[in-house]
Amino acid sequence: MGNNSTTISLYSRSRIHDICEYAYQNQRTGEQLTYESLGKRLGRSARWVSDVINGRATPSREDAEAFVKECGNHRSVRMLKHLFGDAPPPTDPRLMVNLTATLYNLIKQCQDVIHEAQALIEWERKRRPWDSLSTDEESLLKEAGKQIEDLFQACDDVHILMDERYGIDPAIHQHNWLLEARDLEIVITDPRELMRRERQEMLFAGGRTQ
């Protein structure tokens, strides 16, 4: 069994302009940006905005991300992230009737993940560390991983509905989480600190550092 780092995406890189067009046509900025006003926010010309939307110019990833973020459309942000393999695609909006239904789905996905997590705990408790992984055990781990992906999707659906129905920008959730996580010291805030802690961990485990 090996790791596969292949980027998985349903979208072709050539469709970046479709995502940008969707973001522009479905802005959630509280105002309707024109080609000119959007271009000014991006440090670009109105012509460049028009060329991107109409497929005459292909923006870099950085420019495309800035484009859709300025439009304030979370679905387009998710589509762009998926195009580059960083996130699953957004859920079909026809399945997101209202916030209540989306929250019920989130609860179900939480319950499914808890069930899989309990199964993994029991499996690892009984497993001898030196045993090789069987096909059934690999399937067990993959099923748990898929359920976790389902949970991520359900969480993001809630963020999207909170934004679309009540104007709560999803970016604020990450901002608030980061503030709390930093205060509680549960995240690494400096790359060099991560290296230091890994060397320290190796020393505690009796290993050698370079």
*Would you mention how many residues in the range 159-210 are among the aromatic types (Phe, Trp, Tyr) and within 30 Å of ARG28 (Cα to Cα)?*
2
*GLY145 fails exactly one of the following numbered conditions: (1) free of Cβ contacts under 8 Å to residues at least 12 places away in the same chain; (2) on the phi < 0 side of the Ramachandran plot; (3) open to solvent by 50 Å² or more (accessible area, probe 1.4 Å). What is the number of that condition?*
(3)
*asked:* I'm told LYS81 meets every condition in (1) part of a helix (DSSP H, G or I); (2) touching a residue at least 24 places away in the same chain (Cβ under 8 Å) except one. Can you identify the failing condition by its number?
replied: (2)
*Between residues in the range 8-23 that are of a type in the set (Phe, Trp, Tyr) and residues that are in a helix (DSSP H, G or I), which pairs lie under 8 Å by C-beta distance while being six or more apart or on different chains?*
TYR11/ILE19; TYR11/MET79; TYR11/HIS82; TYR11/LEU83; TYR22/ARG75; TYR22/SER76; TYR22/MET79
_All but one of (1) open to solvent by less than 60 Å² (accessible area, probe 1.4 Å); (2) over 30 Å from LEU140 (Cα atoms) hold for ARG47; state the number of the condition that does not hold._
(1)
_Residues satisfying the stated conditions in the range 88-118, i.e. open to solvent by less than 20 Å² (accessible area, probe 1.4 Å) and either hydrophobic (A, V, I, L, M, F, W, C) or under 21 Å from ALA144 (Cβ atoms) (or both)_ = MET96
*asked:* With the structure loaded, tell me whether LEU103 is out of contact with any Phe, Trp or Tyr (no Cβ under 8 Å at 6 or more places or on another chain), closer than 21 Å to ALA171 by Cα, in contact (Cβ under 8 Å) with a residue 12 or more places away in the chain and not polar (S, T, N, Q) or whether it fails that test.
replied: yes
*What helices (runs of 4 or more DSSP H) completely inside the range 93-210 contain at least 2 residues that are touching a Lys or Arg at 6+ places or on another chain (Cβ under 9 Å) and of a type in the set (A, V, I, L, M, F, W, C)?*
135-166
*Return a yes/no flag: does the range 62-80 have any residue that is farther than 24 Å from ARG165 by Cα, out of contact with any Cys (no Cβ under 7 Å at 6 or more places or on another chain), surrounded by 12 or more Cβ atoms within 10 Å (Cβ to Cβ) and modelled with pLDDT of 90 or more.*
yes
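The values are calculated or read from the model by the stated rules, or taken from the named source; none is laboratory data. Note that this is a predicted model, so its numbers are computed, not measured. Quick reminder, even Gly has a Cβ in these numbers, built from the backbone with ideal geometry, and neighbours come from all protein chains shown. Note: accessible area is taken over every heavy atom of the protein model, side chains too, but ligands, DNA and RNA are not part of it. Shrake-Rupley method; radii C 1.70, N 1.55, O 1.52, S 1.80 Å.
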